[in-house]
1. How many residues does segment 109-135 hold that are closer than 18 Å to Q55 by Cβ and free of Cβ contacts under 8 Å to residues at least 40 places away in the same chain?
2. So for segment 103-118 (the condition being closer than 16 Å to D37 by Cβ, among the polar types (S, T, N, Q) and at pLDDT 95 or above), does at least one residue qualify?
3. Exactly one of (1) among the basic types (K, R); (2) within 18 Å of V51 (Cβ to Cβ); (3) loosely packed, with under 14 Cβ neighbours inside 10 Å is unmet by R139. Its number?
4. What pairs can you find where one residue is in segment 10-28 and within 15 Å of V45 (Cα to Cα), the other is modelled with pLDDT under 85 and surrounded by 20 or more Cβ atoms within 10 Å (Cβ to Cβ), and their Cβ atoms are less than 8 Å apart, with a gap of 6+ or different chains?
5. Tell me which residues, restricted to segment 68-117, are among the charged types (D, E, K, R) and within 22 Å of D20 (Cβ to Cβ).
6. Can you find, within segment 63-76, the residue that is surrounded by the fewest Cβ atoms within 10 Å (Cβ to Cβ) among those that are farther than 20 Å from Q101 by Cβ and of a type in the set (G, A, S)?
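The values are calculated or read from the model by the stated rules, or taken from the named source; none is laboratory data. Values in this document were obtained by computation on a predicted structure and should not be read as measured data. When we count neighbours, we look across all protein chains shown, and the Cβ atoms used for this are built from the backbone with ideal geometry, even at glycine.
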Amino acid sequence: MISNFLRSLLSEESDPVSTDDAQIALAALLVRIAKSDSQYDESEVEAIKKVLMEQFKMSEEKANSTIHGAEQLEQEAPDTVRFTKALKNNIPYENRRQIIQGLWQVALADGSRDSEEDAVIRLAAKLLGVTDVESAVARKTAQGKS
């Protein structure tokens, strides 16, 4: 599954992705956010799991297996653009702020805000068409959930 999705991500064509692909793309993006400050700990893994369970109504078991696959995919994928492309093709605009909120939840899970995490979230928001103002609102909402 991961290798097929990675091939589709590396393709220049912009075919629509399946819901499963959108789930793994979001999970990989969340892992990338968590790892961007060179610290990837249990609090961030738990935050990723929570976001996946809320966003896609998946079970804890499914979230854990999705995270495992996403960790592998995140290491192999060359850039963040590929993940956001898969999400943008599958997630309606009105739901993308919720994705950014999830990114903030993971970035803030370890108790600190880091410039590398901020930079990846800013890029993801821009690529998903979410404005800076919408991202700031999503961050404030995520801070309230922490």
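1. Selection size over segment 109-135: 4.
2. Checking segment 103-118: at least one residue is closer than 16 Å to D37 by Cβ, among the polar types (S, T, N, Q) and at pLDDT 95 or above.
3. Here R139 meets the rest and fails (3).
4. I24/F5; A28/A77
5. E71, E74, E76, D79, R82, K85, K88, E94, R96
6. S65
For (1) within 13 Å of L26 (Cα to Cα); (2) β-branched (V, I, T); (3) surrounded by 21 or more Cβ atoms within 10 Å (Cβ to Cβ); (4) modelled with pLDDT of 95 or more, each residue gets a yes or a no:
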residue: S38; (1), (2), (3), (4): no, no, no, no
residue: D41; (1), (2), (3), (4): no, no, no, no
residue: K49; (1), (2), (3), (4): yes, no, no, yes
residue: Q55; (1), (2), (3), (4): yes, no, no, no
residue: E61; (1), (2), (3), (4): no, no, no, yes
residue: P78; (1), (2), (3), (4): no, no, no, no
residue: V81; (1), (2), (3), (4): yes, yes, no, no
residue: A86; (1), (2), (3), (4): yes, no, yes, no
residue: I100; (1), (2), (3), (4): yes, yes, yes, yes
